Amino acid sequence: MSHPARQHTIRAAGRHALALLAIMVLVNVFAPRGTAAELDVSATLTPESFSTDEGARLTITVSGSRSAELNLPETDPADYEIIQRGRSSQIHIVNGEFSAAITFTCLVRAYRPGQYTLPPITVSGNGETQTTPPLQFVVTGSRQGGESGIGAAPQQPADPESGQDRIAFLALGLDRREGYVGEILPVQVKAYFRKGLRASLNGAPTLTGDGLIMDQLTDKPVQTEEVVGGSRYTVLTWQTSLSNIKEGVHRVQLGLDATLLIPERRSSRSFFGQSPFFDDDFFDSVFGGYREKPLTARSEPIEFTSLPLPDEGRPAGFAGAIGDFNLQVSATPIEAEVGEPLTLTMTITGNGNFDRVQAPLFPESAGWKTYSPSSDTTAPATASQEGSKVFEQAIVARSAGIAEIPALSFSYFDPVAKRYVSRESMPIPVTIKGPVPATAPQTSARQTGQAAPTAAAPQAQPAPQLALTPAIPGLAPLHLNPGKGVSTITPVYYRPVFLVPVALLLLALAALSALHLLRRHRLAHPEREEARRRELMLQEAFAGMEGTLATGDSRAFLAGCRTTIQGHLARLWNCRAEAITRADLLERLGRDNPLVDIFTAAEQSAYSGVRLDQPTMRSYATTVKAELEKL
Amino acid sequence: MNRHIALLVLSLLAALGICLPGVHPLGAEESGSRFHAANTAYSLGDFTTAIAIYEELTAERGYSPGLLYNLAGSYAQAGLVGKAVLNYERAAKLAPGNADIMGNLNLVRETAGLFATEPRVIDRLAQLLPMHLWLLAVILGLAGLTGLLLAGLWMRLLPRTVITICCLSLALTLTAALAVIRQQQEWQGWVVVSQTPLFISPFDGAGAAGTLQEGRLVVPGKRHGAFLFVEDDTGRSGWVRQTALEPIIPSATKEENNSL
């Protein structure tokens, strides 16, 4: 073999060896080690004794596998809980030996002191399942003791089987279980939520029940922490007041709607298998969700008795104020002229229902004129704090010489002392300047012979005078004639002087309107009027005929018949009655018409003196009536 | 036709004769002297005595404008604004348009600060005349229409004349009637005779919605026990104890008031 050929062969063998070595290394590194170390699990809790304020770290180490799954046991959330925090992996290569270990880190938080045993924790990996040994630990009480706030101690979580009741509840802090209608009671509302839980409020606490009304909670609550029954709670506190509006025994309860946010564990299966990248709890908190659970926190029902204000001992000036008040009164200026207004300032301070507080009544006095007071209230932030109400009233002295503004009285009911209290101010000295009122006219001496008192004679001390200065200057003077009196004051529209003329005028209007309508109707239909007139005249003529018939004078009767026929036909034919002859009847009525015979007989009777008997005349009358009415 | 018209005129005259109100003079000798005594007490500033005598005369002899006017003046001078306004209102109803009565009433209201809200245009138009004049206008309007119809029966009237007179009469009647209806509410009013709180509910201990000033005019509504729901002339409304109010027209409601 030549030298170049040998070198080529050596190089090729070297390349093959290198490739084989690389393959062997790769296989060694990545090939599953079916014959690697067995899965080994251990757990440690540090520290083994801790308080409810603190927590302990639980470390679970899994060796012999590069991937593992942790199954935490269920625990009683009232006692303690295990929260997975993190995970890490380590790979060791020692003397060519490859080993891996996974470390799970968890936080153990306890809520109730006691001795506990952490149950075995199951770990799965390499197709195997191992459990950790149980771990004992001790939980001590909180190092920060005591409850904050005032009022009644909150109720114990009611139902140990109901997880919700232990998680959240309300407490109503009322000093008393009894009050008076109209009273305002300061109260404290506290909402307790188990510490560590996440919850959102769906509103403010509301009071259900009769007889008491709670002011709307507008302020933000104060947040503190308290331990109740060995459990730690986050507490929200509102200060508010209850208004007592109805007598009787009332059962009330607080309620609050909230939503509990329960974290959901994300599934540990990742697309890449048991990858250390995506199995970390960090991703649970970022990509994991919260399950919402509605929650209604309630307080224990409270029975409250509302009493009516007693009638006994009620002062005359009591206007409904309940609480504890003080009265201060001042006046400016304290020197004034007659008729000049002074401002009386009455300040009522204290606790209670200021909406029922009214200005003290100025005592009736002939020396003072008063005007309605105005008021200004400074309401307290809470019912337990002090408030004030200031009244200003203008008063005017009617006469000079008035020395003081009289004392004022303010009455209220003290619900604690259960009695009425009247606060009186001191009279305020004032100086009123102005014309002294004229003294009363002196009674003339009636002693016979005595002269009238002279100017030098001592004047009698003037008796207290009524002010002659009018309170309202400018009024028109008195009427000297009282006028005619009436027993009742009746509006004019109820009096006959108005009602009768109006009634008569309305009747007249109705009657005249009817007449006008009738007239209009007649004008619109003249033929009907004509027919009516004809009928009227015909009836008159018939009456005349009957008259002559009764007398038995046939000549007059026949003349009447002829006149009747001529008159009626003249109106029908619109011609003169005297112009109508027998020939006209023959022409217009016809030979057969009985009127022609009667007319002929009537004409003949005028010349021949023919006499008719009564039956014939009756028959003629009937015929004339019938025939003429037909036309 | 003439006979009918004559009958109509006679009926009207007879009706007017009947319509004289049932009055009786207050000026009996004894009443006159007591009236004079009350006036004297007023002049001397003894308003309490004057009020007592005037009230006695009112109870005995009934209501008359002069008596009520003097009584109201006495109350005004004594500082009792509510009673003063009440009696001035009553006097004004009996003697509408009397300048002294209206002047004093307005002065008392101004002095006491009893200002009402600005009246609406329609109310101001209704207040142009007193009620008795508006009622007279109603009668004149009706008479105009009646006269027109009567004349139409006797004589031929031009259509333009008929329409003009008819429209004027109708307008007068309707306008006057509306004004009377607006003013009629004043007759139904009550006066606050003692300052009282205005409650939101008709029972003791209810919250107060304000205070009704003495002398304020209110319009009553429903009743509940001893409470009356009212609205004042500034538009505020609420419940008050009826004992704090008196009606302007006492005759129709005196028995009801006593029964409460």
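Values computed for the structure shown
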{"read-out": "Protein-only accessible surface order, largest first, of A:V41, A:V138 at 1.4 Å", "value": "A:V138, A:V41"}
{"read-out": "Probe 1.4 Å - accessible area at B:T175, Å² to nearest ten", "value": "80"}
{"read-out": "Area accessible to solvent at B:W134, 1.4 Å probe radius, in Å²", "value": "30"}
{"read-out": "19 Å Cα-Cα threshold exceeded, pairs from A:K369/A:K433; A:K195/A:K293; A:K246/B:K222; A:K369/B:K93; A:K369/A:K389", "value": "A:K246/B:K222; A:K369/B:K93; A:K369/A:K389"}
{"read-out": "Estimated buried accessible area (total), pair A and B, 1.4 Å, Å² to nearest 100", "value": "5300"}
{"read-out": "Region A:472-631, relative contact order in percent, only Cα pairs under 8 angstrom and at least six apart counted", "value": "20"}
{"read-out": "Alpha carbon centroid spacing (whole Å) that separates region A:287-338 from region B:130-165", "value": "68"}
{"read-out": "Computed lengthening from A:I91 to A:K418, 0.36 nm per intervening residue step minus Cα-Cα distance", "value": "109.5 nm"}
{"read-out": "Heavy-atom accessible area ranking, 1.4 Å probe, most first, across B:E231, A:E529, A:E74", "value": "A:E74, B:E231, A:E529"}
{"read-out": "Straight-distance crosslink candidates among lysines, where the alpha carbon sits under 17 Å from A:K190 and sequence neighbours closer than 8 are dropped", "value": "A:K220"}
{"read-out": "Stretch gain in nm, segment A:L631-A:E587, where the contour uses 0.36 nm per residue and the Cα spacing is subtracted", "value": "14.3 nm"}
{"read-out": "Sequence of A:L307, A:L58 when ordered by accessible area, the most exposed leading, probe 1.4 angstrom", "value": "A:L307, A:L58"}
{"read-out": "Cα-based Kirkwood hydrodynamic radius, region A:492-631, one decimal, Å", "value": "17.9"}
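The values are calculated or read from the model by the stated rules, or taken from the named source; none is laboratory data. Source: prediction; values computed, not measured. To get the accessible areas, we keep the full protein, side chains included, count just its heavy atoms, and leave off ligands, DNA and RNA. Shrake-Rupley method; radii C 1.70, N 1.55, O 1.52, S 1.80 Å.
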